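I have placed the structure first, in the form of structure tokens, so that the comments after it can refer back to it.
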Amino acid sequence: MPGRAFALALGLVAFIAPLAVHLFFPVIPAVKAALSLSDAAAQFNFSIVLFAMAVATLAYGSLSDRHGRRPLLFLIGSAVSAMASTAPALALGRIIQAVGAGCSTTLVRTIARDAYRAEHLIRVIAYLTMFYTLGPMIAPLFGGMLIDTMGWRSVFGFAFVVGALIAVAAYAWIFETRPQVSGAADETGITRGYVELFRNPPFVGYVLQSGLNTAAFMTMASADATLMKELLARSSTEFGFYFLVFPVGFFLGNWLSSRIGSRRSNESMVFAGSVLSIATILVQAALLLSGVVAPWSLFVPGLFLTFSQGIALPYAQVGAMGTIPRLAGTAAGVGVFMQNMGGALFTPLYGLAADGTAVPVVAILTLCGILGLAAGALPLLYTGKTAW
């Protein structure tokens, strides 16, 4: 079993993604004013990260299967962003930053799978995801404090320093974990690896379920922000307070997964998370369509939705990486890609359909829930296992 320093370094690497994504939330209005950006241009510097990270994860996963895990470790992008004086320069810095951050979630999962025994892997992945969840809880608040005291550029300077420290810890404490494979297996083409994975129905079910569950969460969070401000006339501060239920639910779901561990199969736990997700969506739909639109009816379901995600995600990750062990890095990359693209595709869909009422979010969430349930059931049906 790897030591505590190895586990701590993995947790720190998992923290890179919140530095790229969630730390930027309070920067948006400051950057908009400082660089005279439009609302669309300011938001672009957030959404571009999701797209860039989604694409980068595919490359990191495949390359790590061929060349190892450690060499593929965010600093240049943070420096460029901190020094940016124009919108294009900031966008360039954010893209580079996102490409660097794309390694974190993918390679942390892959390295954990390499290093820990199967009976401990679910618990390890759940704990690492819990560590990641601390980012959305504290990054926006900490970023706001930096902006108020030292200006918006200090956020990227902070990201640079923390990223450098994490890189040192990673190289000092994380050893190369890629299994030694035969020359023929090592030369498997990248495209051939994707084809091989997507021919495996359980793998398809695992990664689609993760993507659709993430899409449901991102859509609900985006819609709640709009409905709180435009329909209920509540302040942004109040929205920020209620928003905490999302990471809390995710944290609790991961904690439960860490307690259950390998006592339940990957197939049954992913299916259980899918059932809870669609049940939550349908209950909220009934409330909103009957006219019960209030902060509690918007956010309490969010607690259960992210709780369901926290239950299913560690098992979906482990299941996807375990379908073809020699392609574990590629599988992890595809899994993270699906999560990022789920949010990147369905959130704009809600933006196009939004009309100031709750009907569009009900429709999109129901679609996500139904498709997610079908995807979550696929590994269970293919293997012929019982749900419990």
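Read the figures in this text as sums done on the coordinates, not as results from a lab. The shown structure was predicted, so the numbers you read here are calculated from the model rather than taken from an experiment. Because the Cβ atoms are built from the backbone with ideal geometry, glycine has one as well, and the counts that use them run over all protein chains shown.
So for the pair F241, F51, with labels modelled 7 Å out along Cα→Cβ, what separation do we get in nm?
3.7
Sorted from largest down, give the three principal axis spans of the alpha carbons of segment 233-388, whole angstrom values.
Principal axes ranked by extent give 52, 31, 28 Å for the Cα atoms.
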